[in-house]
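One structure is given here, and the rest of the page talks about it.
The values are calculated or read from the model by the stated rules, or taken from the named source; none is laboratory data. Predicted, not measured: the structure shown is a model, and the values here were computed from it. Cβ sites come from the backbone with ideal geometry, for glycine too, and all protein chains shown count toward neighbours. Surface accessibility is based on the protein's heavy atoms, side chains included, excluding ligands, DNA and RNA. Shrake-Rupley method; radii C 1.70, N 1.55, O 1.52, S 1.80 Å.
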Amino acid sequence: MLQILLVKTSSMGDVIHNLPVIADVLAHYPEAQFDWMVEESFSEIPSLHPAVRNIIPVAVRRWRKSIFSRNTWREIGALKTRLKHTHYDAIIDTQGLLKSAVMAHFAQGEIHGMDCRSAREPAASLFYRHQYPVARSQHAVQRNRALAASALKYPVPQSLPDYGLGHANRLQNTPELPGSYLVFLHGTSRDSKLWPVSHWVALAGKLQPLNLQVLLPWSNPAEENRAREIAAQCSNVQVLPKLELTAIAGILAGAELNIGVDTGLMHLSTALNKPSIAIYTDTDPEFTGVLPSMQNQAINIGGKAQVPSADDVFQLAMRFIQKDNP
């Protein structure tokens, strides 16, 4: 039985981009078992996949802030001790960063990773027993899949990715929800990636005659304020309470359509096989945009210094909504 440790620690979108590796491997090695090393704040993502046996959380982001703390080194020591108990047939670091390569080196087994021309940080390749060229001119999901294929000696898949999250039994119970609804994912890590509030309001207004409720999740005070500003101007918009990631996943999984900016939750929407429209205003979606899955369609709109209009997004939304609202 093949024992595999996947090392993809952060951020949310990157972790989600690594999920299709599991289905690819299982197609060639059905008995394979997977553990996953991931930043503690994103550990809920791989836990949603039924084939992931053990989550191995790390806290590099937190450890960096208190590198000389006794507690930090105690936690690192505990991580090393835990990893000594399992020998892996393959340790696959798709992160390609120095931090992930160092963490992978704590585990028992031969490490596979990208070569110095392919890794995001070339120095990471020094920690890999096996190094592979992986073209940078492809989507992040395909880079992960290509690396795993090289490491485990099977052809690089050309099919659409299977994220493996179509399992509602792993989704946390959600609040009481409308029968039909859309989700607007309006929050993101940088203000430059935001879509104007006026555009969200206009889009909600265009959806109102279709009798579709719009739900707004949020994760911090700034996002809550923006959600309430949008809702105050729209009769068909509901602001959700603050929720854990697994609860948000359940809400995304039940939506008719999820529309959002450049955020990890948009990638979660595609991983849950939901129709998804991602709005880009400050980044190029070519290499890290939402990618269609085997079961559903995903569309990117906009780009660097390109701000789509509410009508542009509405016209795309109607491709999905009209199927159920003739």
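Per residue, how many Å² of accessible area does segment 173-326 show with a 1.4 Å probe?
Numbers: 6500 Å² over 154 residues.
Counting only protein heavy atoms, the per-residue value for segment 173-326 is 42 Å².
Residue-wise, which Karplus ³J(HN,Hα) couplings in Hz belong to segment 212-221, taking 6.51 cos²θ - 1.76 cosθ + 1.60, θ = phi - 60°, and x for glycine or proline?
Those phi angles translate into 10, 6, 10, 10, 10, x, 7, 10, 8, x Hz.
Can you give the accessible area per residue of segment 1-100, in Å², using a 1.4 Å probe? All intermediate terms of the calculation are to be shown ahead of the outcome.
On the way: 4280 Å² over 100 residues.
Ligands and nucleic acids excluded, the figure is 43 Å² per residue.
Over segment 245-326, calculate the relative contact order: mean separation of alpha carbon pairs under 8 Å at least 6 apart, over the residue count, as a percent. Kindly include the intermediate steps, with their values, before the conclusion.
Working: 133 pairs, mean separation 21.0, N = 82.
Across segment 245-326, relative contact order equals 26 percent.
Sorted by mean Cβ packing within 10 Å, highest first, what order do the peptides 255-263, 59-67, 236-244, 118-126 take? Can you show the working numbers first?
On the way: 255-263: 24.3, 59-67: 13.0, 236-244: 15.6, 118-126: 17.8.
Highest mean packing first, the order is 255-263, 118-126, 236-244, 59-67.
Let me have the relative contact order for segment 153-268, percent, based on Cα pairs under 8 Å that are six or more residues apart.
Details: 144 pairs, mean separation 43.3, N = 116.
Relative contact order comes out at 37 percent.
Excluding ILE111 itself, what net charge comes from residues whose Cβ is under 10 Å from its Cβ, given Lys and Arg +1 and Asp and Glu -1? Write down the numbers at each step before the final one.
Working: positive: ARG129; negative: ASP93, GLU110.
After counting each charged neighbour, the total is -1.
Over the chain, what is the relative contact order in whole percent, taking alpha-carbon pairs under 8 Å and six or more residues apart?
On the way: 652 pairs, mean separation 49.2, N = 326.
Over the chain, the number comes to 15 percent.
Between GLN213 and residues 5 or more places away or on another chain, which pairs have amide H atoms under 5 Å apart, with H built 1.01 Å from N, and which residues are they?
SER180, LEU182
Long-range amide H contacts for LEU240: which residues qualify at under 5 Å (H placed 1.01 Å from N, peptide plane, sequence gap of 5 or more or a different chain)?
Under 5 Å from the amide H of LEU240 lie the amide H atoms of LEU216, each far enough along the sequence or on another chain.
Within 10 Å, count the other beta carbons around each residue, average over each peptide in 6-18, 143-155, and list them highest first. Don't jump to the answer; show the numbers that get you there.
Working: 6-18: 24.5, 143-155: 19.5.
Descending mean neighbour count gives 6-18, 143-155.
If I compute solvent accessible area with a 1.4 Å probe over the protein chains, what percent of it on segment 21-62 is carbon and sulfur?
Values: 810 of 1550 Å².
Within segment 21-62, the accessible surface is 52 percent carbon and sulfur.
Which residues' amide hydrogens lie under 5 Å from the amide hydrogen of MET114, considering only partners 5 or more residues apart or on another chain, with H built in the peptide plane?
Residues meeting the amide H criterion: TYR132.
Using packing as a proxy for protection, rank 37-47, 23-33, 279-289 so that the peptide with the highest average count of other Cβ atoms within 10 Å comes first. Before the final figure, lay out each step's value.
Details: 37-47: 21.6, 23-33: 15.6, 279-289: 19.3.
So the order, starting with the most tightly packed, is 37-47, 279-289, 23-33.
For helix 197-207, what angle does its Cα long axis make with the longest principal axis of the chain, in degrees from 0 to 90 and rounded to 10?
Helix 197-207 sits at roughly 70 degrees to that axis.
If the cut-off is a Cα-Cα distance under 29 Å, which lysines reach LYS84, setting aside same-chain residues fewer than 8 apart in sequence?
LYS8, LYS65, LYS99, LYS153
Can you compute 3J(HN,Hα) from phi for each residue in segment 254-262, using the Karplus curve 6.51 cos²θ - 1.76 cosθ + 1.60 with θ = phi - 60°, rounded to whole Hz and x for Gly and Pro?
Along segment 254-262, the couplings run x, 7, 5, 6, 10, 10, x, 8, 6 Hz.
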